[in-house]
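Enquirer: A single structure is presented below for examination.
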Amino acid sequence: MTNVQLLSLKKDTQTFLEKSSMEVLGAKAGVGKLVIDNLLAENFTAIEDRHIKMIQRVVKKEFTNGLYRTSDCLAFMDAAADAVKYKLMIGITGDTGAGKSYMSTAIAKKENVYYYNVHLKKSPRIFFQDLLQNMNIPFSGNMSELIDKVSKQLNTMEKPLLILDEFDKAHKDIRAAVHTLRDRTMENCGLLLVGMPALKNDLMRGKDAGKPGYAEFARRVNIWHHLEGLRPDEIKKVLHDSGITDAELVREYKQYKSFGELVNAINLYKRLND
């Protein structure tokens with residue numbers, strides 16, 4: 001399991017323990033207290049894989065739990081499924097607050113899915129080292145060796161998916177590194193590039209202007225999808241689930257097409273009315 005998945009399991013375990021005891025968890029999962037303590041302390045290397053899976057069966061939620069089945073969410077999950085099934089590189093764009101990162105990290109709870117936020121990362125070496133660390137693989141070696149290790153891992157796995165978040169902010173050297181990685185893994189690995197609308201716009205402008213590397217990279221993006229924001233019925237559903245049913249408030253909050261802005265408004269309302 002990746003670090004993202006193990007941290008997610010830790011969080012789900014904590015949630016389980018809020019309603020039940022460690023003894024109950026240990027009995028249901030068939031593990032001792034030390035195993036659970038190591039998980040909560042993030043001492044993951046001290047836990048056997050079989051014990052991780054035993055705890056997971058008891059406390060792990062389905063990766064879609066906690067996600068509203070909005071049209072954007074369903075489109076995002078469909079894109080992820082298509083990327084895996086057909087070994088595609090898919091670009092997903094959306095405005096601030098569309099829930100891109102939230103959906104990315106939720107999907108990254110699945111097996112063989114790797115999530116990486118490229119924001120502010122400028123060194124391809126650090127990029128590949130971070131990927132290997134997330135894969136729980138030793139990350140020493142020169143650049144060629146690092147690329148080989150990442151490529152080998154993705155090429156020998158069953159249905160892997162790599163999600164690169166905030167790719168609109170990726171340094172040109174990171175984009176070049178992803179270009180190389182895509183070429184080496186496109187027969188076995190799906191890839192999602194997630195970012196603001198500038199992700200596609202800048203890439204197309206660079207391609208049209210003849211900037212080196214832009215046209216070649218653009219050709220490798222098989223499909224583009226833009227998240228449109230919440231529909232009125234979806235806004236009403238989120239509000240209803242949050243306990244807000246007053247007709248006037250519902251009308252007022254329908255201005256928020258951004259999922260993030262709507263959630264912030266709901267949280268503020270609850271704090272002011274507690």
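Enquirer: Quick one: which residues, 5+ away or cross-chain, put their amide H under 5 Å from the amide H of His226? H built at 1.01 Å from N.
Expert: Hits under the 5 Å cutoff: Thr93.
Enquirer: Another question, then. Report the charge-dipole magnitude of region 3-59 in Debye, nearest 20, computed about the Cα centre from +1 at each Lys and Arg Cβ and -1 at each Asp and Glu Cβ.
Expert: 180 debye
Enquirer: Under the 0.36 nm per residue contour assumption, what length would be gained going from the current alpha-carbon distance of His179 and Asn136 to full extension?
Expert: In short, 13.2 nm is gained.
Enquirer: Could you work out the relative contact order of region 132-274? I mean the mean sequence separation of Cα pairs under 8 Å and 6+ apart, divided by the number of residues, in percent.
Expert: Averaging sequence separation for qualifying contacts and normalising by length gives 16 percent for region 132-274.
Enquirer: Which ³J(HN,Hα) values, rounded to whole Hz and listed in residue order, are derived for region 77-82 from phi using the Karplus coefficients 6.51, -1.76 and 1.60 in 6.51 cos²θ - 1.76 cosθ + 1.60 with θ = phi - 60°, glycine and proline given as x?
Expert: So the Karplus estimates, Gly and Pro as x, are 5, 5, 4, 4, 5, 5 Hz.
Enquirer: Per DSSP H run of n ≥ 4, the term is -39500 (n - 2.57); total these for the chain, divide by its residue number, and report the mean residue ellipticity at 222 nm rounded to 500 deg cm²/dmol.
Expert: Calculated mean residue ellipticity at 222 nm is -17500 deg cm²/dmol.
Enquirer: Show me the ranking of peptides 10-23, 28-41 by mean Cβ neighbours inside 10 Å, starting with the highest.
Expert: For the peptides 10-23, 28-41, the packing ranking is 28-41, 10-23.
Enquirer: Calculate one ³J(HN,Hα) per residue across region 231-241 by plugging θ = phi - 60° into the Karplus curve 6.51 cos²θ - 1.76 cosθ + 1.60, and present them in order as whole Hz with x for glycine and proline.
Expert: Each residue of region 231-241 in turn: 7, x, 5, 6, 4, 4, 5, 4, 5, 4, 5 Hz.
Enquirer: Another one. Among 250-262, 232-244, how do they line up by average Cβ neighbours within 10 Å per residue, starting with the highest?
Expert: Answer by packing, highest mean first, reads 250-262, 232-244.
No lab work stands behind these numbers, since they all come straight from the coordinates. These numbers were taken from a predicted model, which means no experiment stands behind them. Backbone-built Cβ (ideal geometry, glycine too); neighbour counts: all protein chains shown.
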